[in-house]
Amino acid sequence: MSRWRDWITMLLEFEAAQDIDDVGAGAATAAAIDFRLLGLVRKAFPQLTIQTSRLDQSGGDHVLLIVNDELAFRFPRAGMHDLRLEIEVLRQLRHRSSLQLPTYDYVDCDGRFGGYRFIEGVALTTERFGALGVARQTKVLADAAQFLIALHDLPQAEVAWSGDWPRTWSAAQFVDRFLAQRLPMLVEHAPQLASPLRAFYTDYRLDYPQHLVIVHGDLVGEHLMIDGAGSSLVGIIDFGDVALGDPAQDLLGFWNYGQDAVTRIVARYDPYGNDPGLLRRSHNHFIRYRIDCLFEALSLGIGPSMSKNIAAVGALLTTSNHYNQRTFRRR
């Protein structure tokens, strides 16, 4: 229910939640939020002809209103990153990357929400990546590496932003939250993980990058778009978490495709090994991400595949110290 309260808080900030009294996680509340967000869009952009709209709540830090099945209007959740920073980073990045990126053609006069046209393509799921074949996989990973180089090399000074830059959480911050808020529940449901979890987070606390760069912050498969034929990476979406952070964080999602995929993209991204801890840190970020996913699943209730998920995390914890940049094979 807390997520729904967050949306109500967001609407109150937009002065659009006067008639939404029930914050239960039901269809009626979703319909009311859809109606209110649509009203905000109509008011801000009266010239826009709206035929259809639907709510997409899959994002953790924002809600999307899909208009005419071609426009995505992003409404950041209360307290999240400023949309104006995202827009400015995208503006500069568009000159550096050949991939399609969100172009906000519709922006509220106060910069509170905005809309962009869909990027044609499909999400790079693990199944789609596995079906590409080695040559196409290599091309997709090379394109991803070039995008990361363009993003991480973007100087802050070139971004027209006078506010404070948000920062991703450090490893130490994730550790403190885990020990204080998440370890008890995980140990209750998976006592066999107690010792490996404590050992992992003890090591993870020491992870710190040589320098901070502008990161995407949520570069996972659902935000990597490939063309329908699966021949190339065509675009990147959802820059709502853009911030200063560890460059290794933007590599964590590629571990979903396997160790070989990550070593190949790292070899292209950092061919001279200037960041010797990059591979190890990215793997640790990935393990932390999977542990967080397990915690969130447990918070929603035990499901039929929970024992499988617990076993998968246990297997990851046994490999947490196996990846060292100095020993991976260059490709």
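Descending by average beta-carbon neighbour count within 10 Å, the peptides 162-172, 193-203 line up as 193-203, 162-172, the highest first. With θ taken as phi - 60° and the Karplus curve 6.51 cos²θ - 1.76 cosθ + 1.60 applied, the whole-hertz 3J(HN,Hα) list for the range 42-52 is 4, 5, 6, 10, x, 7, 7, 7, 10, 9, 9 Hz, x standing for glycine and proline. Out of every Cα-Cα pair that the range 96-158 contains, those further apart than 15 angstrom amount to 68 percent. When Kirkwood radius over Cα pairs in Å is computed from the coordinates, the matching label among (1) 21.4; (2) 19.4; (3) 24.5 is (1). Computed from Cα atoms, the angle from the helix 2-13 axis to the main principal axis of the chain rounds to 40 degrees. Expressed as a whole percent, the accessible surface of the chain that belongs to carbon and sulfur atoms is 50, based on a 1.4 Å probe. Per-residue SASA remark: M306, around 10 Å² accessible (1.4 Å probe; ligands, DNA and RNA not included).
What does the highest-first list of 90-101, 175-186 look like by mean Cβ count within 10 Å? Don't skip to the answer; put the middle values down first.
Working: 90-101: 16.8, 175-186: 15.1.
Going by the mean number of other Cβ atoms within 10 Å, highest first, we get 90-101, 175-186.
Remark: accessible surface ordering of L300, L37 (largest first) is L300, L37, probe radius 1.4 Å. In percent, rounded to a whole number, the relative contact order of the chain is 15, using alpha-carbon pairs under 8 Å and six or more apart. Per residue, the accessible area of the chain comes to 48 Å², computed with a 1.4 Å probe over protein heavy atoms only.
The values are calculated or read from the model by the stated rules, or taken from the named source; none is laboratory data. Worth saying up front: this structure is predicted, and the values here are computed from it rather than measured. Cβ coordinates were reconstructed from backbone atoms using ideal geometry, including for glycine residues, and neighbour counts include every protein chain displayed. Ligands, DNA and RNA are excluded from the accessible area calculation, which covers all protein heavy atoms including side chains. Shrake-Rupley method; radii C 1.70, N 1.55, O 1.52, S 1.80 Å.
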